[in-house]
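Notes follow the structure.
The values are calculated or read from the model by the stated rules, or taken from the named source; none is laboratory data. Quick caveat: nothing in here was measured; it's all calculated off a predicted structure. A quick note on method: Cβ atoms are made from the backbone with ideal geometry, for glycine too, and the neighbour counts reach across all protein chains shown.
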Amino acid sequence: MALAAAVYLATLGKRGLRHVAELCYHKAHYAAEEIAKLKGYSLVFSKPFFKEFAIRCPVAPSRINQALFNEGIIGGLDISHIIDNAMLLCVTEMNTKQEMDKLVEILGGF
């Protein structure tokens, strides 16, 4: 793992690492904003975040995660044991706008 991480970071270089970080940040904020527009959903925290954010859901996250899984999407971490009907989502540089829009579309169906 350490060798793979070292090779990845060396390949990216200083500018590449910054670019990846910026992609993560902007994509995560796009997804969070779109989800927050959906009826029944809200961001749990108003504090700044990087690429992970918690949302409150209108139904149990386990139901949402099953629907997402059926569509080939890995859902969020169910954190309902900490915050009622909440899940933790993560968006990285690997997620496309189409994937995020599909996520939002499925979430909107609840």
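Which one of Lys27, Lys39 is of a type in the set (Lys, Arg) and assigned to a loop (DSSP other than H, G, I, E, B)? Don't jump to the end; show me each part of the working.
Working: Lys27 fails: assigned to a loop (DSSP other than H, G, I, E, B).
Going through Lys27, Lys39 in turn, just one is of a type in the set (Lys, Arg) and assigned to a loop (DSSP other than H, G, I, E, B): Lys39.
Mind checking which residues of segment 42-64 are in a loop (DSSP other than H, G, I, E, B), touching a residue at least 12 places away in the same chain (Cβ under 8 Å) and not aliphatic (A, V, I, L, M)? So that I can check it myself, show each step before the final result.
As a first pass, look at segment 42-64 and keep what is in a loop (DSSP other than H, G, I, E, B): 44-51, 57-60.
Those left that are additionally touching a residue at least 12 places away in the same chain (Cβ under 8 Å): 44, 49-51, 57-60.
Those that are in a loop (DSSP other than H, G, I, E, B), touching a residue at least 12 places away in the same chain (Cβ under 8 Å) and not aliphatic (A, V, I, L, M): Phe49, Phe50, Lys51, Cys57, Pro58.
If a residue has to be aliphatic (A, V, I, L, M), under 24 Å from Leu23 (Cα atoms) and touching a residue at least 40 places away in the same chain (Cβ under 8 Å) to count, how many in segment 65-105 make the cut?
Of the residues in that region, 5 qualify.
If Ala67 satisfies all but one of (1) part of a loop (DSSP other than H, G, I, E, B); (2) over 12 Å from Ala32 (Cα atoms), what's the number of the condition it fails?
Of everything listed in (1) part of a loop (DSSP other than H, G, I, E, B); (2) over 12 Å from Ala32 (Cα atoms), Ala67 misses just condition (1).
Filter segment 22-50 down to the residues that are surrounded by 13 or more Cβ atoms within 10 Å (Cβ to Cβ), more than 22 Å from Glu105 (Cβ to Cβ) and either at pLDDT below 95 or in contact with a helix residue (DSSP H, G or I) (Cβ under 9 Å, 6 or more places away or on another chain) (or both) and list them by number.
Phe49
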